[in-house]
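Right, one structure below, let's go through it.
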Amino acid sequence: MAHPSESCRPVPSRPRDLRRLEPERRLRFAPGATLARWWRELTLLGGLGVLWSEFGWVAPVTTVGTVALSLLFGPARERVAGEVLALVVLHRVRVGCVWAGLENRSGNLPLLVNARPCGEAVVVTAFCRLGTRREDFAAAAEVIAEACGALRVIVARDSPRRERMLIVVVRPRWGWPGR
């Protein structure tokens, strides 16, 4: 017969349940991770700042106006809309990873390296850190699809290396109203 204290311990049925046995982690601010996640936005903001410091207010207003005028033409509008959609989906996939609890034992999220539009889908390249696997992402595909507002999410292998994979977000709603 088992000791009474043993019946109170959680019995893990899968490896994810082992996290209940570990002490709570204290989240800390990581400036390098923040820069790695927001480098596109920071580059755009820095570029406009450099234009403003070198040429005054005329250069950033002219640059933003040129981009706005290019949106009047079909191919440029589709390209800019696709890039903005890829940027939004990249952050929404990261939110889906948080919702699904896709982190390693140190509490680090997987690295989402790149996002590119591809027709009515966005392809996100991800790098799994030690402790997360492609199967974990496949199991959490519905949660990631919910975070992105997508029809579905497909997880595929990117290369022979186990830690690299592709997350294909099919028809995300962000940026496509009415779909």
How far apart, in nm, are the 7 Å Cα→Cβ label points at residue 53 and residue 99? 3.9 nm
Under the classification rounded if a/c is under 1.5, otherwise prolate if a/b is larger than b/c and oblate if not, where does segment 85-179 fall, given a ≥ b ≥ c as square roots of the Cα gyration tensor eigenvalues? prolate
Modelled label reach - residue 171, point 7 Å along Cα→Cβ, segment 102-145 residues with backbone N closer than 11 Å: 120-121
Pairwise label distance in nanometres, residue 64 with residue 77, each label 7 Å out on the Cα-Cβ vector: 2.1 nm
Quick check: from the Cα gyration tensor, does segment 63-141 come out rounded (a/c under 1.5), prolate or oblate? prolate
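Throughout, read-outs are computed from the coordinates displayed, never taken from laboratory work. Since we're looking at a predicted model, the values are computed, not measured. In this analysis, Cβ positions are derived from the backbone assuming ideal geometry, glycine residues included, and neighbour counts consider all displayed protein chains.
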